[in-house]
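The values are calculated or read from the model by the stated rules, or taken from the named source; none is laboratory data. Keep in mind it's a predicted model, so treat the numbers as computed, not measured. A quick note on method: Cβ atoms are made from the backbone with ideal geometry, for glycine too, and the neighbour counts reach across all protein chains shown. Remember, those area values only see protein heavy atoms, side chains included, never the ligands or the DNA or RNA. Shrake-Rupley method; radii C 1.70, N 1.55, O 1.52, S 1.80 Å.
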Amino acid sequence: MDLFEYQGKQFFAQFGMPVSAGEVAFTVDEAVAAAERVGTPAMVKAQVHTGGRGKAGGVKFAATVDDVRKHAGNILGLDIRGHVVKRVLIEKASDIAEEYYASFTLDRSAKKHLGMLSAEGGVEIETVAEQNPDAIAKIWIDPVDGLTEEAATAWVEAAKLNPDATDGAVKIMMQLYTAYTEGDADLVEINPLIFTPDKRVHVLDAKVTLDGNSEYRHADYAQYDETQPRDEREEAAHAKGLQYVGLDGTVGVIANGAGLAMSTVDVVNQVGGAAANFLDIGGGANADVMSGALEVINNDPAVKSIFINIFGGITRGDEVANGIIEAMSRVDIDSPIVIRLDGTNADEGREILRPYLSDVLQMEDTMLDAARCSVELAGQGDNK
Amino acid sequence: MSIFVDENTKVIYQGLTGSQGRYYGLLNREYGTQVVAGTNPKKAGTEVDGIPIYANVAEAVAATGATASCIFIPAPGVLGAVIEAAEGGVEFIVAITEGVPAHDEAWFYNKLRRDFPKVQLLGPNCPGIISPGKCNIGITAGHIAKEGGPVGIVSRSGTLTYQALYELKQKDIGVTTCVGIGGDPVPGTSFIDCLRAFEADPDTKAVMMIGEIGGSAEEEAADFIKNHMSKPVSSYIAGVTAPPGKKMGHAGAIVSGGKGTAQAKMDALADAGVRVGMNPTEAGDLMAEIVAEL
């Protein structure tokens, strides 16, 4: 779950970290009212789940409330890399002497937490990593030990920040690590972490990704779930508890298992088509789940054909076939369907499906043939 | 032979009294696995279809001599269950449960390394392990695998593993052991752990490896294959067309910051001499070619 900047700052503030006073606004009038409370000069910052907003004109300095009105008017509705700005953060402006970078994430390779701190902040860390890797001080933390103040101090010193920033930075790194672990975050990032002319270390931006698997122990995470960027299709699938990712093609995909679903999308692509979605209905593949999946895909206007790819393991092919037939009787489907059913009791399953076969319900024995057939039906095949 | 588990492996099911644990525990027993005990602190002294229930893993180990455990406990209880199993004295732990927080996984992974270095954890969020004809721990349908050899399988994906087992069976190719390492960010058992074990197993003559996007486990495996493996490997990587920044079903299946792409993994594997298929069927065909050449 990705948090907006203002959510990330609220999240950080819970752990005592210093963030600027600010309010989120959805309209120009709200932005003006917020600026009157927060005070000027202020920053008007687009809240979007993507980077590069500064370059896109999504972050502006406002010396006066009138400036806030003007900038909020320009930024609200702005399209930044396909994300339309619907909310802005009005935040008290800060004086900046130096800009740093700080983050914690899981190093999947080392299987330890990785902290990164750099005196070169305010630019993309990937760029720093490429051009001047020595400018990033790294620390690997064993989750069982956690981060000690001693280790944090050595790490901060290795990053060669302004010596006067050391104490403030150590304190914030300790708080950031606590936010990362207690908050069950996949990523916490501050870019820039600033050092002010009056020698304070301060959090000027916040990028936070939370682990969806931890929602059960964080009651307040439901609010973040609601603000995830989802298109209409993804919203509908999410409401049904389906593992769905919207894509740009015309072949609707339903498969059981994440690996098989990914593989199905790949194979559709290999034979010259493009999938409209990734959708994993899990191992069971019963009529309820199948009809929910068909509804979501049927409501996608881009879908021209549907490829159902099921491998029967413990769930038998005959059970799956009955599930498909029942689901099809519940949903009025607009696009032709191609089924590939393999695995346990596949022959029995195919026999159950056979009487229902027609121009709009076809069956193929292999994944590749079924992919070709569904791509042809979607009118984009190369007929290889 | 086989790796990690065989006909002598005695297994405890943590969560045998729950609906999933009971369903798969009994299926595993039917397959021939030695399912010797279940655990549940509130139901100690009872039984599930003749299988005795103990209060905890330590008591179950003392009573049965079990060396493995299989966890069918809901996600919030997995951290406690893994540590209970390690403290209880089993050497091999299979955690099937999906949805375990990544911070829990990172914690118990490192805890085991430090305090229980002999314990091998498989999972979480994995289908389990099957040494066909000998032992099946987890949720794989046993009959889709042909017993014997010469192929070992290791995979991050459940259904693609089943697909691989099934395709090999159709081609009359047997499997020594098939290990599903799972799709989470911190798997207890890695590709390399399995490749090393297969390399040492005299009955395994070739290995099929199924990966997917996210992380760098496949690249690390490629490096291992290049430097430490004499046996031929075929591979398939799912997610070539996955968009960046999206979790594709599995918690660990995500391309982020340009890292973890399928193409980079396939290139690394091909560079290590692995025969890489473009889809599961092709990977199966490549394995059939390898077996024919043995």
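In order along the stretch A:289-296, the Karplus-derived 3J(HN,Hα) couplings, from 6.51 cos²θ - 1.76 cosθ + 1.60 at θ = phi - 60°, round to 5, 5, 5, x, 5, 5, 4, 4 Hz, and Gly and Pro are given as x. Peptide A:340-347 shows a mean partner chain C-beta count of 2 within 10 Å per residue C-beta.
Listed values for the stretch A:118-135 are Karplus-derived 3J(HN,Hα) couplings in whole Hz (6.51 cos²θ - 1.76 cosθ + 1.60, θ = phi - 60°), namely 9, 6, 9, x, x, 10, 5, 5, 4, 5, 4, 4, 7, 8, 8, x, 5, 7, and x replaces Gly and Pro. In the stretch B:157-201, the residues that give up 40 Å² or more of accessible area when the other protein chains are added, compared with the chain on its own (1.4 Å probe), are B:Thr159, B:Gln163, B:Tyr166, B:Pro185.
When a 1.4 Å probe is rolled over the protein heavy atoms, the share of accessible surface on chain B that falls to carbon and sulfur comes to 51 percent. Evaluated with a Cβ-only charge set (Lys, Arg +1; Asp, Glu -1), the protein assembly as shown carries a dipole of roughly 340 debye about its Cα centre, given to the nearest 20. Its relative contact order, with pairs defined as Cα atoms under 8 Å and 6+ residues apart, puts chain B at 14 percent.
Modelled spin labels at A:Lys92 and A:Phe61, positioned 7 Å past Cα toward Cβ, are 1.8 nm from each other. Take the accessible area of chain B alone and of chain A alone, subtract that of the pair, and you get about 4100 Å² summed over both chains, using a 1.4 Å probe.
One compactness figure for the stretch A:1-106 is 1.05, namely its Cα radius of gyration divided by 2.2 N^0.38 Å. Taking all protein chains into account, the per residue accessible area for the stretch A:21-92 stands at 48 Å² (1.4 Å probe). Debye-formula intensities of the stretch A:87-169, expressed as log10 I(q)/I(0) at q = 0.15, 0.18 Å⁻¹, are -0.63, -0.85 (one equal scatterer per alpha-carbon, no solvent). For chain A, the relative contact order works out to 12 percent when only alpha carbon pairs closer than 8 Å and six or more residues apart are counted. The mean of 1/r over all distinct Cα pairs in the stretch B:212-294, once inverted, gives the Kirkwood hydrodynamic radius of 13.2 Å. Amide H contacts of B:Thr189: B:Gly123, each under 5 Å away and 5 or more positions distant or on a separate chain (H built 1.01 Å from N in the peptide plane; Pro and chain starts excluded). Over the stretch A:328-384, the pair-distance histogram of Cα-Cα distances with 10 Å bins from zero comes to 22, 50, 26, 2 percent, rounded to whole numbers.
What whole-number value in Å² describes the accessible area per residue of chain B for a 1.4 Å probe?
Heavy-atom accessible area per residue stands at 35 Å².
Listed by chain and number, the lysines whose C-alpha is less than 26 Å from the C-alpha of A:Lys111, apart from same-chain residues fewer than 8 away, are A:Lys138, A:Lys171, A:Lys207, B:Lys111, B:Lys118, B:Lys226, B:Lys246, B:Lys247, B:Lys259, B:Lys265. The antiparallel fraction among DSSP beta bridges confined to the protein assembly as shown stands at about 50%. For B:Ile93, the amide hydrogen comes within under 5 Å of the amide hydrogens of B:Ser69, B:Gln120, B:Leu121, B:Leu122, counting only partners 5 or more places away or on other chains and with H modelled in the peptide plane. Neighbours of A:Asp288 by Cβ distance under 15 Å: Lys/Arg scored +1, Asp/Glu scored -1, total -1. In order along the stretch A:36-52, the phi-based Karplus estimate (6.51 cos²θ - 1.76 cosθ + 1.60, θ = phi - 60°) of 3J(HN,Hα) comes to 5, 7, 6, x, 10, x, 9, 9, 10, 10, 4, 9, 9, 8, 7, x, x Hz; Gly and Pro are listed as x.
What accessible area per residue comes out for the stretch A:232-377, rounded to a whole number of Å², with a 1.4 Å probe?
Accessible area per residue, the stretch A:232-377: 35 Å².
Based on C-alpha pairs under 8 angstrom that are at least 6 apart in sequence, the stretch A:268-337 has a relative contact order of 42 percent. With 28 Å as the cut-off, how large is the P(r) tail for chain B, expressed as percent of Cα-Cα pairs? Cα-Cα pairs of chain B separated by over 28 Å account for 34 percent. Of all the Cα-Cα pairs you can form in the protein assembly as shown, what percent are over 49 Å apart? I get 18 percent for the Cα pairs in the protein assembly as shown exceeding 49 Å.
Kirkwood Rh over Cα pairs of the stretch A:98-222 into Stokes-Einstein at 37 °C, 0.692 mPa s: D in µm²/s? Display every interim value, and only then the final one.
Values: Rh = 14.8 Å.
The Stokes-Einstein estimate is 222 µm²/s.
The trypsin sites (Lys or Arg not before Pro) of the stretch B:3-43 that DSSP puts in a loop, and whose beta carbon has at most 14 other beta carbons within 10 Å, are B:Lys42. The calculated pair-distance distribution of chain A uses every alpha carbon pair, bins of 10 angstrom beginning at 0, and gives 5, 20, 23, 19, 17, 12, 4, 0 percent.
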